[in-house]
Structures are given as structure tokens and as C-alpha cells.
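As C-alpha cells, the structure follows; a few thoughts come after it.
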Amino acid sequence: MPNGGSWDRFCFLLCGFYGQFGAWPQLVHLPSVVMASVEGHLNPDERESVRSKIDLVDSGFGDFIAEGTHGERNEYNGPAGHKHLKACEEWLGIKLNRGPYARSPF
């Protein structure tokens with residue numbers, strides 16, 4: 001992952017959920033700073049692809065949690081889900097690690 005920051009944590013949250021439950025989350029609560037970073041990292045088409053699969057909720061200074069359709073919950077706890085990054089790319093339909101200079105301009 002290029003920046004080691006909020007974008008990475010978002011990806012690890014998704015992958016950690018998948019690793020724990022074998023399914024992808026439906027809803028993700030993100031602190032405002034993480035929400036801004038995730039949305040800023042993606043071009044408009046990528047944002048639409050993410051939002052077509054996951055409901056993103058701005059939790060202010062609060063939760064950083066992924067939730068599933070059957071009550072599953074996974075709170076961000078580090079890069080534990082990094083083994084599933086390729087599967088996450090395929091599910092979201094976007095390349096997660098595009099390198100530090102490959103970000104699409106708006």
C-alpha cells in the first residue's frame with residue numbers, strides 16, 4: 001500500500017472482515033478523517049464502485065467498524081487482513097496498491 005495511512009487501514013478493515021467471516025461487509029463506519037482520505041484516494045468511478053458494494057457512514061471521531069448483513073462486526077485492528085488484498089481488489093473492481101505516483105487526478 002502506498003501511504004501507510006487511512007486508505008491502507010480501510011483496505012485492511014475490509015480484508016480483516018473477509019478473513020474473519022468469509023464474506024464482505026455491507027456497512028462500514030469510518031472516522032471523518034479516514035472517510036475523507038478514502039474518498040480523496042479514489043477517482044469518481046472508483047468511489048462509485050466502492051459505494052455500490054458498501055454503505056460508508058461517517059462516524060465523526062468514532063467507530064472504525066465493518067458490519068455484515070447478518071450482524072457480523074469487525075473493528076479495525078491493524079493489517080491482519082493483508083492476505084486478502086487481491087480478493088478485495090477483485091471484489092471492489094479497483095487496484096488497491098497503485099504506487100505513490102499512480103493516483104488518478106480529479
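Could you grab me the full set of residues in region 23-53 that are assigned to a helix (DSSP H, G or I), out of contact with any Leu (no Cβ under 8 Å at 6 or more places or on another chain) and either among the polar types (S, T, N, Q) or within 19 Å of residue 69 (Cα to Cα) (or both)?
Correct list: 32, 37, 51, 52.
If I ask for residues that are more than 11 Å from the chain's Cα centre (by Cα), surrounded by 13 or more Cβ atoms within 10 Å (Cβ to Cβ) and of a type in the set (D, E, K, R), which ones from region 30-46 would you list?
46
For the structure I just gave you, tell me whether residue 79 is at pLDDT below 80 and touching a Phe, Trp or Tyr at 6+ places or on another chain (Cβ under 6 Å).
Numbers: at pLDDT below 80: yes; touching a Phe, Trp or Tyr at 6+ places or on another chain (Cβ under 6 Å): yes.
It is true that residue 79 is at pLDDT below 80 and touching a Phe, Trp or Tyr at 6+ places or on another chain (Cβ under 6 Å).
Give the residues of region 53-84 that are of a type in the set (A, V, I, L, M, F, W, C) and over 15 Å from residue 34 (Cβ atoms), sorted by residue number. Don't jump to the end; show me each part of the working.
Initial filter on region 53-84 (of a type in the set (A, V, I, L, M, F, W, C)): 54, 56-57, 61, 64-66, 80.
80, the sole residue that qualifies.
Being modelled with pLDDT of 90 or more and either within 16 Å of residue 12 (Cβ to Cβ) or among the β-branched types (Val, Ile, Thr) (or both), is that true of even one residue in region 94-101? Reasoning before the result, please.
Going through region 94-101, the residues modelled with pLDDT of 90 or more turn out to be none.
No, region 94-101 contains no residue that is modelled with pLDDT of 90 or more and either within 16 Å of residue 12 (Cβ to Cβ) or among the β-branched types (Val, Ile, Thr) (or both).
Does residue 56 qualify as being at pLDDT below 85 and not in a helix (DSSP H, G or I)?
no
Scan region 17-53 residue by residue and report those that are hydrophobic (A, V, I, L, M, F, W, C) and within 15 Å of residue 96 (Cα to Cα).
Of region 17-53, the ones hydrophobic (A, V, I, L, M, F, W, C) are 17, 21, 23-24, 27-28, 30, 33-36, 38, 42, 50.
Within region 17-53, 38, 42, 50 meet the criteria.
Can you confirm whether region 8-22 contains a residue that is assigned to a loop (DSSP other than H, G, I, E, B) and at pLDDT 90 or above? Give the steps one after another, and end with the answer.
Quick first cut of region 8-22, residues assigned to a loop (DSSP other than H, G, I, E, B) only: 22.
Okay, now just the ones that are also at pLDDT 90 or above, so 22.
The answer is yes; a qualifying residue exists.
On the given criteria, is residue 60 in contact with a helix residue (DSSP H, G or I) (Cβ under 6 Å, 6 or more places away or on another chain) and over 18 Å from residue 94 (Cα atoms)?
Values: in contact with a helix residue (DSSP H, G or I) (Cβ under 6 Å, 6 or more places away or on another chain): yes; over 18 Å from residue 94 (Cα atoms): yes.
Here the answer is yes, as residue 60 does meet what is asked.
When the residues of region 1-57 are narrowed to those that are in contact with a Pro (Cβ under 7 Å, 6 or more places away or on another chain) and either free of Cβ contacts under 8 Å to residues at least 60 places away in the same chain or of a type in the set (A, V, I, L, M) (or both), which ends up farthest from residue 88 (Cα to Cα)?
Looking at residues that are in contact with a Pro (Cβ under 7 Å, 6 or more places away or on another chain) and either free of Cβ contacts under 8 Å to residues at least 60 places away in the same chain or of a type in the set (A, V, I, L, M) (or both), I get 54.
The values are calculated or read from the model by the stated rules, or taken from the named source; none is laboratory data. Note that this is a predicted model, so its numbers are computed, not measured. Glycine also receives a Cβ, built like all others from the backbone with ideal geometry; neighbour counts cover every protein chain displayed.
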